[in-house]
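Here's the structure we're looking at; comments come further down.
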Amino acid sequence: MNNSLPVFYSRSENSKGERELLSVHLNKTADLAEQFANVFGEGNVGRWCGLFHDLGKASYLFQQVLNKEEHNVMHESAGAYIAFMQKFSPLIEIIIYAHHKGLIWGIESELNKTMKEPDSYDTYSGRRFSVTGKEQYSIVISYIKANLTLPEHLPKLIKEPPSYYHNLPVMLHTRMLLSCLVDADYTASATHFDDSISENVDGEPLNTDKIIRNLIYYRKSVIKKSSAKKQINDLRNMVFDSCSEAASLKPGIFTLTAPTGTGKTLALLEFAVRHAKEYNKNRIIIVLPFLSIISQNARIYKDICGDILEAHSMVSYDEKTRLLSERWNAPVVVTTSVKFFEVFFKYKPSDLRFLHSISNSVIVFDEAQSVPLDLAGTTMETMRIMCEMFGCTILLSTATQPDFSTRKDIAAVPTEIIKDIPDLYKKAKRVTVEWRLDSEVGFVVIAGEMAKKHNACCVVNRKDHAFILFGLLKEKIPDGCFYITTDMCKVHRDDTIKSVTERLENKLPCYLVATSCIEAGVDLDFGCMFRALAPLDSIIQCAGRCNRNGKGNGEMTVFVPDEDRLYPNDRYARAAEIIRLITSRHAIDIDNPEHIKEYYSELYSRYSEDKQPLVNAIDKYDFAEAEKQYRFIPSAGANVLVPYEPCRKLYDELLEEAKSKGISKTWIKKAAPLTISSYQTDKLDEFCEKCFIITKNGKEKIEGWYILYDESLYDEKTGLHFTDETSIDFMI
């Protein structure tokens, strides 16, 4: 070490009274960043970023920050400026500059200020630069020469594929490298305060042989217990075997197009684990569209795979799994489409931490049709880039496979796993559909028709429609009526599904009114279905809850409700109206893949490109705006903790904690099973109490979280209702 230079530290004292030398932290971070980026062939780039990221701490001003003599100082700019002057790729300077506050394109003028304007400050964050002027930079350069061993080769970036959305590959590449740096920085920093952290942040390696053995055993057990007709079981075997055979194909994007009820849950895992074994993939990531089906599928995957990481808002973590969830460093991850896809468009460092862990993974996306129409181009292009640049294999599974070839902005050409799709659909046909679209039908009529059946389910598009129909049905049927919407908390919905399943299995009269929240992944088997006119994929998903095991003649009626407001939003309405257009030409056969293709052709002719504000943000390299515009769910509504009686103890505990201490991340995780989302903000302010958090300034009310105190507003059958109708007695 050069004795003429002062000793620079990176961290304040830990519990042992030790401060961390800056050189120690830079080397630890570089080692980890190199390790993470090596997965996709850019370990050298990761190492340079790790060595340069905190060079701004080699300054007197930052050392005063550690001594609590100064504050509001920015140290990120120094390493970024040196990378800029070395004429590295702009990505590297942007990544270093962003590793605390977030990604900004076009930072050269800010970096130049640090040399030309002594004691200047960063325009974006309002903080003073820790290093300014030639003299201070010369100290940093001397520190590098005296304390760091730089790589022999300059950083070299892998080639980015062209895209219809021209800047999309560059922006994703930047996020991926920032993820490597951030995870390395956070992990290296944590080890200074906790020596054992390096042992706790790493999950077990993917044991494909063990999963394959368990899957074989589990599937034999399922087949032995199956009550389905032989023809249905034969089709499930065919789908499973097709996935097994396709697993040896070279990595890329695949599709699995198969009707509901053909055993896709196990078949998808068969492809994933055998492909991972064949091509030495690091992990399997299973992406599900809705929280409502996470718990059911996660139980299956846990039985087969052993420990899995559930990465979504409905799970509570202990310290070990919390660390894994921040990094996704687990062999099998089960998550939601919102959590998975939105990370590719984040711009803040903490949100991007686990992104690099997705590289070299097998990604299985169940219900691929759920990608929003105005995000389909950027989503599919992102998946293509992940395969071409970052070593992923992706499998898109659905009964209603979107025909992405009709969109000019999607370059991906997936490989289909099923060899004869028309034959599979023909053999899997279990439901006859009556299209009653010529005139509107009142809910009184639907309730009467349901009452004549031994069991029946009606799925409608709006919660107010479900509420009306359930009331009419209860007047006709004294026993066995159920209701499921998102006005019920998760544990309430799960309990209701369990009760419905038990009645169906015991062949008791059973009647269910629900919204689309039951259409995917909920294993129900009614003999008769009614469906309010909806997009074709919703109609086909609904048919999957009918005659699931092929033992009878399933019947489904699609009708137009006699109501003023038919749909939840305009996008839903436009997709539903395409059904009317096609039925004016010919009857729709939901088991005919050509009819499904015709539907998507019409749909994508109306949505030929992603929404313009997102496209504009990508054109401008505007990371923050891109995150704002890329939303799977435009608005999540406000969260309300509700008093569901079977979970009274948990509700009381959460209520007491919220009153005395306020809410926290831990509280929110614990509250997830008893939480619903509501858009009735005027009613929430009137009937609920807004939650608060404890800050340095005391109690502060927090937006988006409420507690329902009036228990009369939460019905044991229909959940939360603020209107006068909640006084109707629905008790069985």
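Only Lys, Arg, Asp and Glu count, each charged at its Cβ (+1, +1, -1, -1), so figure out the dipole size of the stretch 163-309 about its Cα centre, rounded to 20 debye.
In total the dipole reaches around 1140 debye.
By a straight-distance test (C-alpha under 20 Å), which lysines pair with K419 as possible cross-link partners, with residues fewer than eight away in the same chain excluded?
Answer for K419, where 20 Å is the Cα cut-off: K250, K264, K427, K429, K597, listed by chain and number.
Nearest-5 percent of antiparallel DSSP beta bridges in the chain?
20
Which order do you get for T501, T486 if you rank them by accessible area with a 1.4 Å probe, largest at the top?
T486, T501
List the GluC sites (Glu not before Pro) in the stretch 109-208 that DSSP assigns to loop (not H, G, I, E or B) and whose Cβ has at most 11 other Cβ atoms within 10 Å. Which are they?
Of the GluC sites (Glu not before Pro), the ones in loops of the stretch 109-208 whose Cβ has at most 11 other Cβ atoms within 10 Å are E152.
So what's the back-of-envelope 222 nm ellipticity for the chain, counting only DSSP H runs of four-plus at -39500 (n - 2.57) apiece and dividing by all residues, rounded to 500?
Using -39500 (n - 2.57) per qualifying helix, the result is -13500 deg cm²/dmol.
If the chain between K220 and S601 were fully stretched, how many nm would it gain, using 0.36 nm times the residue separation less the Cα-Cα distance?
Stretched fully, the K220-S601 segment lengthens by 133.2 nm.
What number, in nm² with one decimal, is the all-direction average of the projected area of the convex hull of the alpha-carbon atoms of the chain?
Directional mean of the projected Cα hull area for the chain stands at 32.9 nm².
Test of the criteria: in the stretch 545-593, which trypsin sites (Lys or Arg not before Pro) are in a DSSP loop and have at most 12 other Cβ atoms within 10 angstrom of their Cβ?
Here the sparse-neighbourhood loop sites are R565, R585.
To the nearest 10 degrees, how steeply does helix 133-147 sit against the main Cα axis of the chain, on a 0 to 90 scale?
80
So if I place +1 on the C-beta of Lys and Arg and -1 on the C-beta of Asp and Glu, and nothing else carries charge, what would the dipole magnitude of the stretch 74-138 be about its Cα centre? I want it in debye, nearest 20.
Here the stretch 74-138 has a charge dipole of around 20 debye.
Name the residue from A368, T208, Q612 whose Cα lies farthest towards the positive end of the charge dipole of the chain, charges +1 on Cβ of Lys and Arg and -1 on Cβ of Asp and Glu.
T208
No solvent, one uniform scatterer per C-alpha: report log10 I(q)/I(0) for the stretch 472-570 via the Debye equation at q = 0.12 1/Å, two decimals.
One equal scatterer on each Cα of the stretch 472-570 leads to -0.41.
The values are calculated or read from the model by the stated rules, or taken from the named source; none is laboratory data. Keep in mind it's a predicted model, so treat the numbers as computed, not measured. So basically every Cβ, Gly included, is an ideal-geometry build from the backbone, and we count neighbours across all protein chains shown. Just so you know, the surface numbers come from the protein's heavy atoms only, side chains and all, with ligands and any DNA or RNA stripped out. Shrake-Rupley method; radii C 1.70, N 1.55, O 1.52, S 1.80 Å.
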